[in-house]
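The values are calculated or read from the model by the stated rules, or taken from the named source; none is laboratory data. These figures come from a predicted structure and were not determined experimentally. Note that each Cβ is placed from the backbone with ideal geometry, even for glycine, and that neighbours are counted across all protein chains shown. Heads up: the accessible areas ignore ligands, DNA and RNA and are worked out on the full protein's heavy atoms, side chains in. Shrake-Rupley method; radii C 1.70, N 1.55, O 1.52, S 1.80 Å.
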Amino acid sequence: MSPTTPPLARRLDGLQSSAIRDLLKLTARSDIISLAGGLPDEQLMPRDRIALAAESALTDRSRLQYTESAGWGPLREVLAARESARLGRAVHVEEVLVTHGSQQALSLLGEVLLDPGALVVVENPAYVGALQVFRAAGARIAAVPLDADGMRTDVLAELLDRGERPALVHTVSNFHNPRGVTMSPDRRRALAELAERHGFWVIEDDPYGELWFDQPSPSPVASYSANVIRLSSASKILAPTLRAGWMVAPSAVRRGVELLKQSADLCGSALTQQIVTDLLDDGDWLTAHVDEVRRIYGERAQALVGALRSRLGDRVVSTDASGGMFVWVDFADTTDTVELLPRAIERGVAYVPGSAFAVDGGYRNSMRLCFTTSDAGMLQEAVDRLTHAVGDQATAAAGFARSE
Ligand code: PMP
């Protein structure tokens, strides 16, 4: 008798591995300049400072122990002080909850805030990690487009006027992944007002806010309303391996998240949480470190945008890259970035096609480029290779047209 394979839960139906993760596996070849991954630069991660902090943390054996589910007390204190400065009000320690990266916060919030069938509004193109969470929670997804000023809150208002009632709206307010844009102060205010008028939660997902190049990012959406749950992370300013994210949220939400976090992992790592506390609390060092990351990413962003403009001219429209890690490129013609990708890889450059971030299809003539892990020379070389690939594609299309 052949064995009967037991089934998996229905919530996995229709879930797919992130296209970006699958792609990253293909582009690990050393001859490819990959602008595909969304990774911060390892060379800029403060390894020596982390090693010092680890050594000091390990002099106390209790750092090998379990810690509180809500996070190690001194880290919550440091985070409360930082968030007070960001939000322009006194944030109390109890309002802050430490999570295993902000991705865990998203995942736990999906469980705390969403019943199956609930409506979630996301930005289009979307942060794929959030889309996966909301899909796994069985939510219905509605997409609101972005423009240069961030989420089109006027389109959200129309959706609400039609009687749609979202349980939550997700926004990456600063230096959007993948779109690169930052929500304007007026739209932040408008989003907060809509949340209060219609009674929905907003998740302000902000891992990139400190990576500004010319001017600090605007006041968070969370500074305008208590309906906004604010997420941030040490991944992009220190190192992802520390897995330190945090949430500032009202007490009912926090209680739910803390309960579910207990069943997810009991608690985070006391060791990495002490390391993060040490680094975030070392004011002069931290300022110098983050300034350096900002300066170098800013130069790389300029190099990439400059190369795109000089090599591809008005064939493309790209974001200005005023912070964060990404430049979004729209081809003005009908260039299909999914079809272009194999040619680009052949030429030795990789990117993520825009369609990987599309909520319901589209963005076939767009791409996301990550500028963090290549220096200016490599970025220029990457754009040269991309330009050749675009040329190859045009030649092949012309040949195809002749042979038809
Ligand atoms: N939100 C956004 C918008 C992101 O881009 C990322 C990482 N790519 C995350 C959340 C998760 O980051 P982490 O879990 O490392 O804090």
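Any chance the range 325-334 includes a residue that's open to solvent by 30 Å² or more (accessible area, probe 1.4 Å) and part of a strand (DSSP E or B)?
From the range 325-334, those open to solvent by 30 Å² or more (accessible area, probe 1.4 Å) are 330, 332-334; that's our starting set.
Narrowing further to those that are part of a strand (DSSP E or B): 330.
Within the range 325-334, one or more residues are open to solvent by 30 Å² or more (accessible area, probe 1.4 Å) and part of a strand (DSSP E or B).
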### Task
Residues being of a type in the set (Val, Ile, Thr) and over 24 Å from the mean Cα position of the chain (by Cα): count how many of those fall in the range 357-392.
2
### Query
So is Leu304 among the hydrophobic types (A, V, I, L, M, F, W, C), away from the ligand (no atom under 16 Å from the Cβ) and buried (at least 21 other Cβ atoms within 10 Å of the Cβ) or not?
yes
### Task
Kindly indicate whether any position in the range 282-305 is within 30 Å of Val98 (Cβ to Cβ), at pLDDT 95 or above and part of a strand (DSSP E or B).
no
### Query
For the range 71-91, what are the residues that are open to solvent by 50 Å² or more (accessible area, probe 1.4 Å), aliphatic (A, V, I, L, M) and part of a helix (DSSP H, G or I)?
Ala81, Ala85
### Message
So Gly37 ticks every box in (1) closer than 26 Å to Arg230 by Cα; (2) assigned to a loop (DSSP other than H, G, I, E, B); (3) at pLDDT 95 or above but one. Which box is left unticked?
### Response
(3)
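Does Gly361 fit the bill of being on the phi > 0 side of the Ramachandran plot, surrounded by fewer than 22 Cβ atoms within 10 Å (Cβ to Cβ), not assigned by TED's automatic domain parsing to the domain that holds Gly101 and not in a helix (DSSP H, G or I)? Before the answer, list the steps.
Numbers: on the phi > 0 side of the Ramachandran plot: yes; surrounded by fewer than 22 Cβ atoms within 10 Å (Cβ to Cβ): yes; not assigned by TED's automatic domain parsing to the domain that holds Gly101: yes; not in a helix (DSSP H, G or I): yes.
It is true that Gly361 is on the phi > 0 side of the Ramachandran plot, surrounded by fewer than 22 Cβ atoms within 10 Å (Cβ to Cβ), not assigned by TED's automatic domain parsing to the domain that holds Gly101 and not in a helix (DSSP H, G or I).
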### Query
Considering the range 123-147 alone, what residues qualify as being in contact (Cβ under 8 Å) with a residue 40 or more places away in the chain and either open to solvent by 30 Å² or more (accessible area, probe 1.4 Å) or touching a Phe, Trp or Tyr at 6+ places or on another chain (Cβ under 7 Å) (or both)?
Pro125, Ala126, Tyr127, Val128, Gln132, Arg135, Ala136, Gly138, Ile141, Ala143
### Summary
Residues in the range 313-324 that are farther than 26 Å from Ile237 by Cβ and buried (at least 19 other Cβ atoms within 10 Å of the Cβ) total 1
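Conditions tested, residue by residue: (1) in contact with a Gly (Cβ under 6 Å, 6 or more places away or on another chain); (2) open to solvent by less than 30 Å² (accessible area, probe 1.4 Å); (3) within 30 Å of Val120 (Cβ to Cβ).
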residue: Leu286; (1), (2), (3): no, yes, no
residue: Asp336; (1), (2), (3): no, yes, yes
residue: Thr372; (1), (2), (3): no, yes, yes
residue: Ala397; (1), (2), (3): no, no, no
